[in-house]
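Structure first, then comments.
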Amino acid sequence: MRWHPLTVLIMIGGLAALAMSYSHPIYLGVLFVVTLLMLQATRGLTVWRSTLLWSGMASLGIVLINPLVSSHGSTILWSGPRLPIFGRVTISLEAILFGLMMGTKMLLLTALLCLYGRLQGIDRVLDLCGRLAPKTATTLAMTNLLLPRLIRDLHSAYE
């Protein structure tokens, strides 16, 4: 069953808006489970697993960096030295939990992008964009055709 590209865009955009607006872990967990079930129904879990490495690393970076740069929170776990640019480094439980929540949102948005790719092929998306911005759609179509060839040439150069 093929859906209109605008319908899929509205559905995925709505789920992404919910993911970005909710901060309660149960709501994010429900959205995550629903997205994974939809990915499983479209046989897109393997696509998401292939992107899980880099999105997991980015999420881990958010979890690690946020407590170091955020000085908010009342439950101080560690108070470190005063650094010239950052000031006194304090790590709070709230900053760690906020970083975990933002990392979860990053994984959820990556899963939503994979779901969008499974529900809608790139050609139909570019067709929709071509009506609104033809030059941008042409550039994206050329990039979409060029990148796999560049990657293939790069792999053959290393062999």
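Before moving on, here are some points about what is shown:
So that you can scan it fast, the table gives a plain yes or no per residue for (1) surrounded by fewer than 17 Cβ atoms within 10 Å (Cβ to Cβ); (2) among the hydrophobic types (A, V, I, L, M, F, W, C); (3) within 25 Å of the chain's Cα centre (by Cα); (4) in a helix (DSSP H, G or I):
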{"site": "Asn66", "(1), (2), (3), (4)": "no, no, yes, yes"}
{"site": "Ser79", "(1), (2), (3), (4)": "yes, no, no, no"}
{"site": "Arg82", "(1), (2), (3), (4)": "yes, no, no, no"}
{"site": "Arg88", "(1), (2), (3), (4)": "yes, no, no, no"}
{"site": "Thr104", "(1), (2), (3), (4)": "no, no, yes, yes"}
{"site": "Ala137", "(1), (2), (3), (4)": "no, yes, yes, yes"}
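- Residues of segment 19-45 that turn out to be in contact with a Leu (Cβ under 9 Å, 6 or more places away or on another chain), closer than 22 Å to Gln120 by Cβ and part of a helix (DSSP H, G or I), as a count: 10
- Enumeration of residues in segment 7-21 that are open to solvent by 80 Å² or more (accessible area, probe 1.4 Å) and touching a helix residue (DSSP H, G or I) at 6+ places or on another chain (Cβ under 8 Å): Leu9, Met20
- Verdict on Leu53 being open to solvent by 90 Å² or more (accessible area, probe 1.4 Å), at pLDDT 80 or above and within 28 Å of Leu15 (Cβ to Cβ): yes
- Flag if Ser74 is exposed (fewer than 12 other Cβ atoms within 10 Å of the Cβ) and in a loop (DSSP other than H, G, I, E, B): yes
- For segment 108-129, the candidate set comprises residues that are at pLDDT below 80 and in contact with a Leu (Cβ under 9 Å, 6 or more places away or on another chain); within that set, the residue that is most open to solvent (accessible area, probe 1.4 Å) is Ile122.
- Of all residues in segment 139-159, those satisfying the criterion of being within 28 Å of Thr35 (Cβ to Cβ) and either acidic (Asp, Glu) or open to solvent by less than 80 Å² (accessible area, probe 1.4 Å) (or both) are Ala141, Thr143, Asn144, Pro148.
The values are calculated or read from the model by the stated rules, or taken from the named source; none is laboratory data. Keep in mind that what you see is a predicted model, and the values were worked out from it rather than measured. A quick note on method: Cβ atoms are made from the backbone with ideal geometry, for glycine too, and the neighbour counts reach across all protein chains shown. Quick note on the areas: whole protein, heavy atoms, side chains included, nothing else; ligands and nucleic acids left out. Shrake-Rupley method; radii C 1.70, N 1.55, O 1.52, S 1.80 Å.
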